[in-house]
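For reference, the structure discussed in these notes is given below.
The values are calculated or read from the model by the stated rules, or taken from the named source; none is laboratory data. Not measured: the values here are computed from a predicted model. With ideal geometry, Cβ positions are generated from the backbone for all residues, glycine too; neighbour counts draw on all protein chains shown. For accessibility, only protein heavy atoms count, side chains too; no ligands or nucleic acids. Shrake-Rupley method; radii C 1.70, N 1.55, O 1.52, S 1.80 Å.
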Amino acid sequence: MDFTFTEEQQAAVEAARAVFSDVAPDRAPSPALTPGAVAEDIDRQLWNELARTDLLGLTLSPDHGGAGLDPIALCLVLRESARVLARVPLLESCAVAMAVQRYGERSLAAELLPRAGRGELILTVGANGRSGHDPAELAVTARPYGEGDREADGRAGGSGWVLDGVQSAVPWAQVADWIAVPAHTAEGRPVLALVPRTRDGVTLADQVSTSGERLAEVRLDAVRVAAHELIDAARCWEWLRSLLTTGTCALALGLGERVLAMTAEYTGKREQFGFPVATFQAVAVQAADRYIDLRAMEATLWQAAWRISTDAGGPLPVAGDVAVAKIWASDGVRRVVQTAQHLHGGFGADTDYPLHRFHAWAKQIELSLGPAAAHEEALGDLLAAHPLG
């Protein structure tokens with residue numbers, strides 16, 4: 001097997017490193033020092049720089065002004081972004097754009113994608129449902145217009161859909177221009193609606209993540225969407241959900257790698273009894289265990305990203321590879337930051353040192369992915385349904 005990235009993917013990494021090289025983790029406001037949300041807006045300077053270097057259009061087709069790369073390239077860039085705690089909706093905006101490009105109508109793609117690639121539009125998605133425990137599409141209902149319904153411009157009847165329900169913990173919703181809302185029809189079919197944030201019937205209530213970033217409870221009360229704004233293609237939401245999850249695993253990997261590097265640097269300088277603590281067996285063994293975690297996170301991440309990118313077949317559906325990646329990322333990122341805090345001693349809790357920021361972001365990633373035990377159960381169900389050998 002050849003695990004070498006293509007020249008185009010490696011070029012994307014180099015471009016991302018150049019952009020993120022000027023971003024210090026201290027640029028992310030500290031949730032320990034800021035009551036409530038740490039900021040009202042995203043890092044606009046960084047967002048504009050990502051747009052200027054064409055990284056926001058990385059996975060869009062040339063028809064929409066993009067580079068035409070795949071989800072693997074997006075995950076490579078996300079990995080770099082997490083190393084500096086980049087406060088931008090890179091994952092959400094790019095993932096939604098890719099879903100629109102892959103499954104949406106041409107008119108919707110033409111309306112959204114060129115502007116999204118230039119950074120003029122921000123896209124986000126509600127992937128947590130009402131509680132974070134049930135499938136997100138079950139939290140919102142989608143029904144066709146009835147005779148008594150009116151379209152967004154006030155005309156009676158017409159073709160389109162009406163949305164009702166709630167999506168909680170929607171990232172960057174307050175600054176997004178469009179929100180992708182998974183929903184279900186009366187027949188139980190999952191669909192994906194693209195809704196402008198300012199559309200009548202959409203209300204947002206502030207929520208705050210563990211990392212201190214603003215989230216929103218998005219409530220939809222008889223929200224009208226035009227026919228072309230709702231994607232009814234089979235597997236659209238499943239594909240987008242898998243991409244979002246795999247992208248979150250990429251964030252976990254990048255963050256964990258940066259934290260382990262910080263730990264290696266600190267323990268190499270910190271001395272006890274006249275020797276660097278990194279030379280003590282107990283310290284070296286713990287760091288080695290976390291290195292193994294990161295390599296397992298990396299291998300399972302690229303397997304899932306490759307399946308999504310190529311639609312390659314396998315003994316299990318793509319959901320199986322995504323579940324394995326989630327198992328390692330959810331547990332792995334937690335173990336890495338916990339070990340880092342332990343090996344840093346009291347210095348790790350110093351708010352003048354960036355480790356506590358990484359810890360808060362890691363906890364948010366872990367919560368977003370969900371417990372490893374749940375993914376192990378899902379993997380067990382898939383293995384039962386698709387016996388190997």
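Suppose accessible area is computed on protein heavy atoms with a 1.4 Å probe; arrange Ile327, Ile179 from highest to lowest. Don't skip to the answer; put the middle values down first.
Working: Ile327 25, Ile179 5 Å².
The residues order as Ile327, Ile179, largest area first.
So for each of 352-364, 76-88, 36-48 I average, over its residues, the number of other beta carbons within 10 Å; can you give me the resulting order with the highest mean first? It would help to have the intermediate numbers written out before the result.
Numbers: 352-364: 20.8, 76-88: 24.5, 36-48: 15.0.
The most tightly packed comes first, giving 76-88, 352-364, 36-48.
Starting from the Cα-Cα distance between Gln272 and Arg143, subtract it from 0.36 nm times their residue separation and give me the gain in nm to one decimal.
On the way: separation 129, 0.36 × 129 = 46.44 nm, distance 6.71 nm.
Full extension from Gln272 to Arg143 adds 39.7 nm.
Which order do His228, His342 take when ranked by solvent-accessible area (1.4 Å probe, heavy atoms of all protein chains), largest first?
So, going from the largest accessible area down, we get His342, His228.
Could you compute the net charge surrounding Ala127? Neighbours are other residues with a C-beta less than 14 Å from the C-beta of Ala127; K and R count +1, D and E count -1.
Values: positive: Arg130, Arg241, Lys326; negative: Glu92, Asp134, Glu137, Glu217, Glu238.
Net of charged neighbours comes to -2.
Convex hull over the alpha-carbon atoms of the stretch 156-266: what's its volume per residue in Å³? Walk me through the intermediate numbers first.
Values: hull volume 13.4 nm³, N = 111.
Given the Cα convex hull of the stretch 156-266, per-residue volume reads 121 Å³.
Quick one: P(r) of the chain from all Cα-Cα pairs, 10 Å bins, percents rounded to integers, in order of increasing distance.
Per 10 Å bin, starting at zero, the Cα-Cα P(r) for the chain comes out as 5, 22, 32, 25, 11, 3, 1, 0, 0 percent.
Let me understand the stretch 266-343 better: what is its radius of gyration from the alpha carbons, and its Dmax, in angstrom?
17.2, 56
Return the distance in nm (one decimal) between the two label points of a simple spin-label model at Glu14 and Gln338, each offset 7 Å from Cα along Cα→Cβ.
4.1
Could you tally the net charge around Ala304, taking each other residue with its Cβ under 10 Å from the Cβ of Ala304, Lys/Arg +1 and Asp/Glu -1?
Numbers: positive: Arg307, Lys326; negative: Asp321.
The answer is +1.
Could you please state how large a percent of the accessible area of the stretch 1-160 is carbon and sulfur, counting protein chains only and using a 1.4 Å probe?
Details: 3620 of 7620 Å².
In the stretch 1-160, the share of accessible area belonging to carbon and sulfur is 48 percent.
Rank by packing, highest mean first: peptides 270-277, 334-341, with packing defined as the count of other Cβ atoms within 10 Å averaged across residues.
On the way: 270-277: 11.4, 334-341: 21.5.
In decreasing order of mean packing, 270-277, 334-341 become 334-341, 270-277.
How large is Rg/Rh for the stretch 1-93, to two decimals, with Cα atoms and a Kirkwood Rh? Intermediate values should be presented prior to the final figure.
On the way: Rg = 14.6 Å, Rh = 14.2 Å.
Checking Rg against Rh, the ratio lands at 1.02.
Residues with beta-carbon under 12 Å from that of Cys249, excluding Cys249: net charge, scoring Lys, Arg +1 and Asp, Glu -1?
Numbers: positive: Arg79, Lys326; negative: Glu298, Asp321, Asp331, Glu366.
Within the 12 Å Cβ shell, the charges total -2.
Which residue, chosen from Gly201, Thr339, Gly274, occupies the Cα position most advanced towards the positive end of the dipole of the stretch 199-341, where the dipole is computed from +1 (Lys, Arg) and -1 (Asp, Glu) charges on Cβ about the Cα centre?
Gly274
Round to the nearest 10 and give me the degree value, 0 to 90, for the angle of helix 236-269's Cα axis relative to the longest principal axis of the chain.
20
Probe of 1.4 angstrom, ligands and nucleic acids ignored: what's the accessible area per residue over the chain, in square angstrom? Let's see the in-between values first.
Numbers: 17110 Å² over 389 residues.
I get 44 Å² per residue for this part.
Run the numbers for Arg189 and Ala284: contour at 0.36 nm per residue of separation, minus the present Cα-Cα distance, in nm. Numbers along the way, then the final one.
On the way: separation 95, 0.36 × 95 = 34.20 nm, distance 5.17 nm.
Result for the pair: 29.0 nm of gain on full extension.
Go through Pro89, Pro35, Leu55 and say which Cα lies farthest out towards the positive end of the charge dipole of the stretch 1-93; charges sit on Cβ, +1 for Lys and Arg, -1 for Asp and Glu.
Pro35
Where the only charges are on Cβ atoms (+1 Lys, Arg; -1 Asp, Glu), what is the dipole of the chain about its Cα centre, to the nearest 20 debye?
Working: 34 positive and 50 negative charges, 93 e Å.
So the magnitude is around 440 debye.
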